[in-house]
Amino acid sequence: MLKPFSSEPGFKQTESPNATWKLGDGLSDTELARQWKEEEQLGYTTLKTDEIEKPLLYRFLISAIVPRPIAFVSTLSGDGVPNLSPFSYFSMVSHNPPLCSVSFTLSPQKPKDTRENIKDTKQFVVSIINEPFVEAANATSIDAPPEIDEWIVSGLTPTPSTLVKPPRVLESALSLECELYHFLDIPAIGGDAPANTMVLGHIRAIHVRNSVLTGPAEPGKPIEVDPTKFRAVSRLGGTTFARIGEGYSIPRPSWRQLEGEVRELIAKREKEENPSGGSQL
């Protein structure tokens, strides 16, 4: 029996798994690290991808490469027919230029409407999926014919974009208006016909709810999203969605502050490995 979903925010800040970790410690000696090391004795399974049936490879990869962000992609056909679909083959690519990627697995029997629309119109909108409407988002993945309007199926609200023609999802806390930057068809190994397509979108405008920001958006000052308020949804394997649970901050190491410690560590390691030799630093 599954317990009811809790509407309380799932994200909480904690210490990192090993707050006393020092340079060179590696896996360290916490209880979690010791258990992780013990499980290494169970060995590894090596999977050769060209020897695995593709449906089985798909099931494994989506369960292993996690968590994946999930978002809507809204498009219009050349004739103005709207389409709304969720994708977890989606990610940020760069900030200069601001690019995001979306990938599609293709079927010989049925064209992917989103792919065709982006190819024809060179525009699309990515809208992050948040917890309050995840069931509505899931409904848009229905394998309906092209003339079916997924907006109606989901009950979500299309609202005009600023710089592109496809609408964004009003309920989403973050939407990215995109123009096509690059379109890449990817054939299967040893084949010629496209089996997948990856598109890069140039993010031209961003819409973010004020309620999910860490503070007021002011020119020239950092603007950040609060993960507790954002309630972004991620995908795991199978039909499993996930929420962000506990998180922790780990400061990025500074060479200026740690150079002496790093050089001392390396000299010590060299001396242990080559007692009669000198340091190369």
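Key figures for this structure:
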read-out: Any hit, the range 247-264, residues being at pLDDT below 85, touching a strand residue (DSSP E or B) at 6+ places or on another chain (Cβ under 7 Å) and within 30 Å of ALA136 (Cα to Cα); value: no
read-out: Residue in the range 117-133 that is over 19 Å from the mean Cα position of the chain (by Cα) and part of a loop (DSSP other than H, G, I, E, B) present; value: yes
read-out: Residue satisfying condition, being touching a residue at least 24 places away in the same chain (Cβ under 8 Å) and within 25 Å of PRO146 (Cα to Cα), within set SER63, SER77; value: SER77
read-out: Selected residue (only one of ALA144, ALA137 is out of contact with any helix residue (DSSP H, G or I) (no Cβ under 6 Å at 6 or more places or on another chain), in a loop (DSSP other than H, G, I, E, B) and modelled with pLDDT under 95); value: ALA144
read-out: In the range 141-176, the residues that are more than 25 Å from ARG204 (Cα to Cα) and over 19 Å from the mean Cα position of the chain (by Cα); value: ILE142, ASP143, ALA144, PRO145, PRO146, GLU147, ILE148, ASP149, ILE152, VAL153, SER154, GLY155
read-out: Sole exception among (1) at pLDDT 90 or above; (2) exposed (fewer than 13 other Cβ atoms within 10 Å of the Cβ) for ALA64, by number; value: (1)
read-out: Of all residues in the range 230-261 being surrounded by 11 or more Cβ atoms within 10 Å (Cβ to Cβ) and charged (D, E, K, R), the one that is nearest to ARG68 (Cα to Cα); value: ARG235
read-out: Pair list, Cβ < 7 Å and 6+ apart or interchain, from the range 1-25 residues that are closer than 21 Å to TYR248 by Cβ and surrounded by 10 or more Cβ atoms within 10 Å (Cβ to Cβ) to residues that are of a type in the set (S, T, N, Q) and at pLDDT 80 or above; value: PRO9/THR228; PHE11/THR228; PRO17/THR30; ASN18/SER28; ASN18/THR30; TRP21/SER28
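The values are calculated or read from the model by the stated rules, or taken from the named source; none is laboratory data. In this text the structure is predicted, and so the values were computed from the model without any measurement. Note that we place each Cβ from the backbone using ideal geometry, even for glycine, and neighbour counts take in every protein chain shown.
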